[in-house]
Amino acid sequence: MAYPLSHPEIRDAVTRLCQDFPGRYWQDCDAAQSYPEDFVKALTAGGYLAALIPEEHGGLGLPLSAGAAILEEIHRSGGNAAACHAQMYTMGTVLRHGSDAQKAKYLPGIASGDLRLQAFGVTEPVSGTDTTALRTTARKDGDRYIVNGQKIWISRAAHSDLLLLLARTTPRDQVAKRTDGLSVFLVDMREIPDDQLTIRPIRTMMNHATTELFFTDMEIPASSLVGEEGKGFRYILGGMNAERVLISAECIGDAKWFIETATGYACEREVFQRPIGQNQGVQFPIARAYAQMRAAELMVTRAAEMFEAGDTPGEEANLAKLLSADASWAAAEACLQTHGGFGFAAEYDVERKFREARLYQVAPISTNMVLSFVAEHVLGMPRSY
Ligand SMILES: Cc1cc2nc3c(=O)[nH]c(=O)nc-3n(C[C@H](O)[C@H](O)[C@H](O)COP(=O)(O)OP(=O)(O)OC[C@H]3O[C@@H](n4cnc5c(N)ncnc54)[C@H](O)[C@@H]3O)c2cc1C
């Protein structure tokens, strides 16, 4: 696809790295439901997971668009960055609101790859999308907090040293606004005894290393608190635009992979003595997905530009997520259909990528929640929840 893209050198380098991890590698991880450890190690060694960490803390100090380029190319190459992408966006909360001591203690290790900050603990089984109703509590007790509760869908917790945790520090009925009284903690899981923190894997339709967490009187030092007590919800929201842009880039990468793969197969597969791609019924869904992808890509680029200029691209980042997730899903559907029966065979990678691409309609934010944001905050309609 010959149009100029940001950070061409980074894209080339990531594409080369991904060539060492072909479809067969991802198929094997998928079949065994194993964590793609070698891929994550290679990405870390290349410095890519430290792309957004400032140079003063040992990272590359690159802008958001560079992080987006890295994630997009991983997905465009047929891989999946879900094994490690959280480090790019969770780390922003530590950077913006963490103390100098927290940054000095953790960021150089994260940048070098000695430490992993891959787990982000927000979602709970009862509260679900209604984050401010979460029930996990952190009670101050001298120089410690005592954490009790449960989280669900906390990805990569079993492969991370650190967990960015959102918990309630003041009961909901004692705060003026339901968004108050929540706090963020940077939990060093290496220091927690097994009887205080249980990590239970959840088997899912794709290989995602996601887990349930159970906190039983889990003691963490008071110095784990990030920023001010009670302001955690705002801190997490403040990182959402960057997260949306990065996740959108993955969707764009997926869409490109599906479109390239579908196009290649449509030109090569002959039925009725001619390539199937000669039939407009095969061409049009692929061409439509391409149009959707290009439009979504413009919105991702716009959101990243605004973020880098210091603006708050709430509308653009949400639209980018909506449009890119829809584009990748349209491309997935077109690619699977183009492959006919072979689309269902694991060795073609289409069915794996198809399962992986479906997630973006639900997580990290569901399509309905993006539409609610647009309806309420962009179009000015009444709040629905
Ligand atoms: C594989 C995977 C990995 C994940 N990783 C993480 C992670 O690392 N950390 C983390 O904290 N979370 C993670 N999540 C959680 C994810 O963010 C949530 O699943 C998602 O936000 C939806 O929440 P829920 O599953 O509780 O759905 P629910 O809140 O139960 O909602 C169910 C459905 O109803 C819709 N709905 C709910 N309320 C409304 C409303 N008011 N208006 C319209 N529609 C509504 C939702 O859009 C959704 O489609 C992950 C989830 C998955 C599946």
By count of other Cβ within 10 Å, fewest leading, how are F342, F215 ordered? F342, F215
Counting other C-beta atoms within 10 Å, which of S248, S77, S384, S183 has the fewest, and how do the rest follow? S384, S77, S183, S248
Counting each DSSP H run of 4 or more residues in the chain as -39500 (n - 2.57), what helix-only mean residue ellipticity at 222 nm follows after dividing by all residues, to the nearest 500 deg cm²/dmol? -15000 deg cm²/dmol
Using alpha carbons only, how many angstrom separate the centre of region 352-385 from the centre of region 27-66? 27
Beta bridges per DSSP with both ends in the chain, % antiparallel, nearest 5: 85
Paired Rg and Dmax values of the chain, which use every Cα atom, in angstrom: 21.2, 78
Can you report the principal axis dimensions of region 8-112 using only the alpha carbons, biggest first, rounded to whole angstrom? 44, 31, 18
Could you give the Stokes-Einstein D for region 211-295 in µm² per second, using the C-alpha Kirkwood radius, 20 °C, 1.002 mPa s? 122
Who wins for biggest fluctuation among A289, A303, A345 in a Gaussian network model of the chain, springs between alpha carbons below 10 Å? A345
Set of region 223-261 residues, backbone N closer than 20 Å to the point 7 Å along the Cα-Cβ line of T132: 228-241
What's the FRET efficiency of E9 with R200 using the Cβ-Cβ distance as r and R₀ = 35 Å, to the nearest 0.05? 0.25
Spacing of the two label points (7 Å from each Cα toward its C-beta) at E191 and K177, in nm: 3.1
Sequence of L134, L115 once ranked by neighbouring C-beta atoms within 10 Å, starting from the fewest: L115, L134
Starting from the Cα of K256, draw a straight line to each of the lysines and keep only those under 16 Å, dropping any in the same chain fewer than 8 residues away. K321, K353
10 Å binning of all Cα-Cα separations within region 117-233, expressed as whole percents from 0 upward: 15, 49, 30, 6, 0
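Values quoted throughout were computed directly from the atomic coordinates according to the rules given, and no laboratory measurement underlies them. The structure presented is a predicted model; accordingly, all values stated were derived computationally and were not measured. Note that we place each Cβ from the backbone using ideal geometry, even for glycine, and neighbour counts take in every protein chain shown.
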